[in-house]
Amino acid sequence: MAVRYLLLPLALLALAATSAAVAQLEIGFYRKTCPDAEKIVRGEMAKIIAAAPSLAGPLLRLHFHDCFVRGCDASVLLESTDGNMAEKDAKPNKSLRGFGSVERVKAKLEAACPGIVSCADVLTLMSRDAVVLAKGPSWPVALGRRDGRVSRATEASKELPPASGDVPLLAKIFASKGLDLKDLVVLSGAHTLGTAHCPSFADRLYNGTGENDAYGLVDPSLDSEYANKLRLKCKSVDDRTMLSEMDPGSFKTFDTSYYRHVAKRRGLFRSDAALLFDNTTRDYVQRIATGKFDGEFFKDFSASMIKMGDVDVVTGAEGEIRKKCYAPN
């Protein structure tokens, strides 16, 4: 029984440690040490997105995948070594893109302010600017994160929300990061940007042999007309050559059309479709899908991104400032 009663103080200590780290983040953290940091990031991001508008989604996704494993500490950017497979080489991260863009922005910052701005802050700022440059909302980003030194593929495979997850599973994963059900349905709206490879959703189209299910759709929650269009691109569950837009017709623009697709049973992933099977998430999807509450969604998304950006941050001596984001110092 004694062990049982020790758990609460330990949990409180962990919460206190997290709260203390978040408290060290600050708007304008680099105002004295690198006053043009945000301006440099925004300027370089403008060039990156102008040259490749389709990168907005992948850069936003990089931040998501970073924050859900060990917190927002840029551990997703680290390369594997002979003795360790890093997060970026985990199966759920095989399709991540944008690493070169992060290094490009970091190099600009290193030239202006050597050893000052962390990769974790760089990635957090880039994700915000990716949304802004895709015609989405902006929000203030508190800075001061340090870079983590540990990156393990096994943790990524275990902790990232799966595209096949239902709401109870996803809600449990989000809750473990201090995020609630509203954050889940709001942050799912990030699927308005980007594309996905067939293996992440083809199990909704085909049975285990890769042939059309003789008895109808494998996933009846998917609109049949939309499924037929997807089959024209994805010929089998293993087709890794083709990409499908997560928000058809608007995958380079941050807007609310994703929710209209989901409301019509045209969400690409099982996790998208699952939002219609929970009262809370369904109500939000249907409300935003009307097109009358775009401003509300933008405000909600900004709030949830701020909240996610604070997940398990590393500050002070607990982390480091990497010179190259792919390798520890």
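Things to note:
- When Ser244, Ser236, Ser304 are checked against the criterion of being free of Cβ contacts under 8 Å to residues at least 60 places away in the same chain and in contact with a helix residue (DSSP H, G or I) (Cβ under 6 Å, 6 or more places away or on another chain), Ser244 stands alone in meeting it.
- The numbered conditions (1) modelled with pLDDT of 95 or more; (2) surrounded by fewer than 15 Cβ atoms within 10 Å (Cβ to Cβ); (3) of a type in the set (Gly, Ala, Ser); (4) part of a loop (DSSP other than H, G, I, E, B) are all true for Ser221 except (1).
- If only residues of the stretch 112-136 that are more than 16 Å from the chain's Cα centre (by Cα) and assigned to a loop (DSSP other than H, G, I, E, B) are counted, the one that is nearest to Asn93 (Cα to Cα) is Ser118.
- Among residues of the stretch 137-163 being out of contact with any Ser or Thr (no Cβ under 7 Å at 6 or more places or on another chain), of a type in the set (Ser, Thr, Tyr) and closer than 26 Å to Lys91 by Cα, the one that is most open to solvent (accessible area, probe 1.4 Å) is Thr154.
- Residue match in the stretch 57-68 (condition: over 11 Å from the mean Cα position of the chain (by Cα) and buried (at least 19 other Cβ atoms within 10 Å of the Cβ)): no
Here is a yes/no grid of residues against (1) of a type outside the set (Val, Ile, Thr); (2) under 30 Å from Leu125 (Cβ atoms); (3) in contact (Cβ under 8 Å) with a residue 60 or more places away in the chain:
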| position | (1), (2), (3) |
| --- | --- |
| Glu159 | yes, yes, yes |
| Ser164 | yes, no, yes |
| Leu170 | yes, yes, yes |
| Ile173 | no, yes, yes |
| Gly178 | yes, yes, yes |
| Asp183 | yes, yes, yes |
| Val186 | no, yes, yes |
| Cys198 | yes, no, no |
| Asn207 | yes, no, no |
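- Considered as a group, the residues in the stretch 79-135 that are open to solvent by less than 30 Å² (accessible area, probe 1.4 Å) and among the acidic types (Asp, Glu) include one that is farthest from Pro35 (Cα to Cα), and that residue is Glu87.
- Check on Ala134, closer than 17 Å to Val311 by Cα and touching a residue at least 12 places away in the same chain (Cβ under 8 Å): no
- Meeting the requirement of 3 or more residues that are farther than 24 Å from Pro328 by Cβ, out of contact with any helix residue (DSSP H, G or I) (no Cβ under 8 Å at 6 or more places or on another chain) and modelled with pLDDT of 95 or more, the helices (runs of 4 or more DSSP H) wholly within the stretch 1-90 are 37-51.
The values are calculated or read from the model by the stated rules, or taken from the named source; none is laboratory data. None of these values were measured; they are calculated from a predicted model. Don't worry about glycine lacking a Cβ; one is built from the backbone with ideal geometry, like all the others, and counts go over all protein chains shown. Quick note on the areas: whole protein, heavy atoms, side chains included, nothing else; ligands and nucleic acids left out. Shrake-Rupley method; radii C 1.70, N 1.55, O 1.52, S 1.80 Å.
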